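Taking it in order: structure first as structure tokens, then the write-up.
The values are calculated or read from the model by the stated rules, or taken from the named source; none is laboratory data. Keep in mind the model is a prediction, meaning the values are calculated, not measured. Note: ideal-geometry Cβ built from the backbone for every residue, glycine included; neighbour counts use all protein chains shown. Remember, those area values only see protein heavy atoms, side chains included, never the ligands or the DNA or RNA. Shrake-Rupley method; radii C 1.70, N 1.55, O 1.52, S 1.80 Å.
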Amino acid sequence: MPEARTSSRINRPLIVLLPCFMTGILLSVRLLPRSPACPVVLLILSSLTAAAVMAARGLKRQIAASLLFLLAGALLAGRPPAPSKLRTLAQDKSKVVLEGTVLQPPRITKGVIKAAVLAQRVLKGGKWIGANEKILVTVYENGRDLSPGRKLRFPVTLRPFRNFNNPGGYDYRFAMERKGFTCAGSVSDGRSMVLMGGGALPFPQDLLEKIRAPARSLFSEDLAGEKGALYRALILGERQALGTGLRDVFNRTGLAHILAVSGLHVGLLAWCFYTLLRWILLRVPTVGLHADIRKLAVALTFLPVTVYACVAGLQLPTQRALIMVAVFLGSVLAGKEREVWSTLALAGLLILAMDPLQIFSISFQLSFAAVAGILWLAPPLIEKLSALLGLSPESSSAGTKIVRYFLGLLAAGIAATVFLAPILAYHFHRVCPVGILANLVVVPVLGLWVIPLGFLAVLFLPLSHGIAFWLALAGSRGLEIILKTADLLACVPFGSFWMIMPSLFEILLFYLFLYFTVSFRSRPRARSGLAAVCLIVLVHGAFHVHETYFKKRLRVTFLDVGQANAALVEFPGGRTMLIDCGGFPRDHFDTGRMVVAPFLWHSKILRLDYLVLSHPQADHMNGLRFIAETFHPGEFWHNGVEVDRPVFRELMAILKAHGVKIKGPRELSNEREISGVRVQVLHPRPEGYPRWRPGRDLNNHSLVLRLSYGNKRILFPGDLEWKGERQLIMEAGRNLRTDVLLAPHHGSRNACSKALLARVRPRLCVISCGKGNRFGFPHQETIRRLREARCAVLRTDRSGAVQVTVDASGWKVRTYIRQGTSPWAS
């Protein structure tokens, strides 16, 4: 039996070679040094291994081939990045004049425009320098017409892409580099942008834009609203017009995957055209006499599939989908359609050989995992469901075929949902059981109605705008069904819920559990494996419960939220408190949803006990709305000042709707104890300050908290400035001694006075600030005062998140800077 399995692997070598190739990529990116000698060594080793493959036979040849593919993956992934002129300027945040061409339709969010621009020339020091690099330009006010192909000249401040360095955070910098962007650029006022007519798009985008521009106009102008935006996403691969509300509905119903042109869309279109072409060819008698109709239909299907990929812009996911479908169609032509696993492995090898770093792409992981899950789990599910319904395998009636079709969709939906659950939880922190039903309704409408008619509308557009319009209008009726289905299922209780972020070890345990469960009856050793996995899960769960609820420690994490404040307090016994949540003045980026929430999910937190707002300013308050909506806090503490701002009104409405207890300085005046930690509100006093005007002295009205655990103390002074610090010293007297201080007002020269430092005498000061912020925080005067006070300083813009842990043994500090997947550093 073992020999038979070994023979099977040798006969299907691609199934083994793909994991070896992927392992080589991972080793190259994560472990190998970035040294010029490394590719040379890998090339020599690959040559020697290739010679061994040629000389060896049997199992030894298979082992040598596996090693060769591992080395090839490492060699391809280790290619140095292309030299860049703009990247150096971005590191210095240089302000330059740039001349370039808009590549894609811009995305507009709350008046802020983001557009991909091909920078062709840059003016620096009075000299024009050729660049030809892709950058992401953000226009904050007075946006201009940034249509694809428009040539512009404008002053821009270049800057590198930056991550928020917190555990569990999204690697934005790597994602932008994967999309081909060199750096970002900021334009404060769009009126400074000079329109210079039509520009030169790179090949083949210049040719594709001639097709896509009229189609974009058809969907945007003739089908206005959500249906037009959806058709642009489904046919042209342009999601810029999709509103936040529409995206959220599709996310909650497990339908977000249909918004990006992927293997599903290309596969559905291929199936439609193959069915149509085969039906036509069967009715031409002479064709059947000279050719295999099935293979001829498959060969002809290549053409519409390729045209659809071109219409969709040949973006990375579309290229990947085209390769996957082309490899499958090629396997049918070669008579190897039953070798589905080898076909999938070949597609993976081709995609990764072209671009090894796609292995880190979320869409790549989801695409291949979904196909693998369907190939593995769907056949036994269909068999069990057919037996449950009493369907006879020999029956070929129309009714039976229809039932089998929907059974196949149901089985595929269940298989994909189950298999993708840990990957979706890892990347998106959400699981959507209702997605099984949603996809059962939406996928047939999408594949048989919406995509074919939308694609035909684009094909007929050069011939007749009227026919194209009616085809698109007919397809939009299908979009209405999709939209109504999504709106209806989005309201289903528990149809979608947020999930903690599983670790890679927990994901491995899930797939081992799934494997042994599916193989329980067919493999004798599966029972022992299942028992072992269950035991490991129990031990792992017990360890987590002990660490969270029984370990006597106080942990405070000062998060990197840019030029803002946010800190998570984890009390002994598992209670949690979030103090502030960051935010941006224009409110175009939700730090609560995009930065703080992923860290909470990574920390296995689904509920907060206390939510604290030091004072209602954007850089402390704007991120709290999503947190209040999602993490169900028990109490909300604030400084008692209510401001007439939309964000504050929205936050208070969310808190009241969820029945959260709202407490101000009067209710918080008494010291309280939470799981052995003394919590004191030192400022402002309950009766307020009659001579102070909260509108002008909002910083000095900050809620000041101090936590004491054992003989260690941590002080959170918000944005207090000198005036508020003097008042705090008067009220607290000598009761200000603190070990860890969060720098008041982000290290401003008008805060962190010598008088405060003399009373607090901190051993560590954490400054929460954004790198290169426009205020210049922290000011050098503040840094000098802290050094004179013999206080260690950590800045979140340099150190990333700062974590302080206090337990019986004392206290320790760790920082986090993402370098690929960097661990905490003590």
In degrees from 0 to 90, rounded to the nearest 10, what is the angle of the helix 526-545 Cα long axis to the longest principal axis of the chain? 20 degrees
Taking a point 7 angstrom from the Cα of residue 303 along the C-beta vector, which residues in the range 460-475 have backbone N less than 16 Å away? 460
Here the range 291-297 yields Karplus 3J(HN,Hα) values (6.51, -1.76, 1.60; θ = phi - 60°; whole Hz; Gly and Pro given as x) of 8, 7, 4, 4, 6, 5, 4
For residue 790, project a label point 7 Å along Cα to C-beta. Then give me every residue of the range 733-768 with its amide nitrogen under 13 Å of that point. 761-764
Lys/Arg Cβ at +1, Asp/Glu Cβ at -1, dipole of the chain taken about the Cα centre: which of 392, 561, 201 is farthest positive-ward? 561
In degrees rounded to 10, the 0-90 angle between helix 2-11 Cα long axis and the longest Cα principal axis of the chain is 80 degrees
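Using mean Cβ contacts within 10 Å as the protection proxy, how do 397-408, 641-652 order, highest first? Could the numbers behind the result be given before it?
Values: 397-408: 12.8, 641-652: 15.5.
Final packing ranking: 641-652, 397-408.
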Excluding ligands and nucleic acids, what accessible area in Å² is computed for residue 491 using a 1.4 Å probe, to the nearest 10? 110 Å²
Taking only protein heavy atoms and a 1.4 Å probe, what accessible area per residue, in Å², does the chain have with all protein chains in place? 48 Å²
Enter the angle in degrees (range 0 to 90, nearest 10) between the Cα long axis of helix 205-217 and the first principal axis of the Cα atoms of the chain, meaning the one along which they spread out most. 80 degrees
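With a ≥ b ≥ c taken as the square roots of the eigenvalues of the C-alpha gyration tensor of the chain, please select rounded if a/c is under 1.5 and otherwise prolate if a/b is larger than b/c or oblate if it is not? Walk me through the numbers on the way to the answer.
Numbers: a/c = 1.76, a/b = 1.54, b/c = 1.14.
Since a/c reaches 1.5 and a/b is larger than b/c, the shape of the chain is classed as prolate.
What FRET efficiency comes out for residue 540 versus residue 91 if R0 is 45 angstrom and r is the Cβ-Cβ distance? Round to the nearest 0.05. Don't skip to the answer; put the middle values down first.
Values: r = 43 Å, r/R0 = 0.95.
With R0 = 45 Å, the Cβ-Cβ based efficiency is 0.60.
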Any idea which of 518, 290, 413 is furthest toward the positive side of the dipole for the chain, if Lys and Arg beta-carbons carry +1 and Asp and Glu beta-carbons -1? 518
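Can you compute the charge dipole magnitude of the chain about its Cα centre, using +1 on each Lys and Arg Cβ and -1 on each Asp and Glu Cβ, nothing else charged? Give it in debye, rounded to the nearest 20.
Values: 100 positive and 52 negative charges, 404 e Å.
Using only the charged Cβ atoms, the result is roughly 1940 debye.
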A correct Karplus calculation of ³J(HN,Hα) over the range 718-730, with 6.51 cos²θ - 1.76 cosθ + 1.60, θ = phi - 60°, whole Hz and x for Gly and Pro, returns x, 10, 4, 10, 4, 4, x, 5, 4, 5, 4, 5, 5
Considering only 260, 446, 503, whose Cα is most displaced toward the positive end of the charge dipole of the chain, charges sitting on Cβ of Lys, Arg (+1) and Asp, Glu (-1)? 503
Counting only protein heavy atoms with a 1.4 Å probe and every protein chain in place, the carbon and sulfur fraction of the accessible surface of the chain in whole percent equals 61 percent
For residue 683, distant residues with modelled amide H under 5 Å away: 704
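Where the only charges are on Cβ atoms (+1 Lys, Arg; -1 Asp, Glu), what is the dipole of the range 12-94 about its Cα centre, to the nearest 20 debye?
Details: 10 positive and 1 negative charges, 20 e Å.
Rounded to the nearest 20 debye, it is 100 debye.
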Can you sort 469, 543 by 1.4 Å-probe accessible area, starting with the largest? 543, 469
Just to verify a number: what accessible area does residue 632 come out at with the full protein assembly present, 1.4 Å probe, Å² rounded to tens? 90 Å²
Could you sort 449, 470 by their accessible area in this structure, using a 1.4 Å probe and putting the largest first? 470, 449
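Find the eigenvalues of the gyration tensor of the Cα atoms of the range 16-171, then list the square roots of 5 times those eigenvalues as equivalent ellipsoid semi-axes, largest first, in whole angstrom. Mind dumping the intermediate values first?
Working: eigenvalues 395, 65, 46 Å².
Square roots of five times the eigenvalues give 44, 18, 15 Å.
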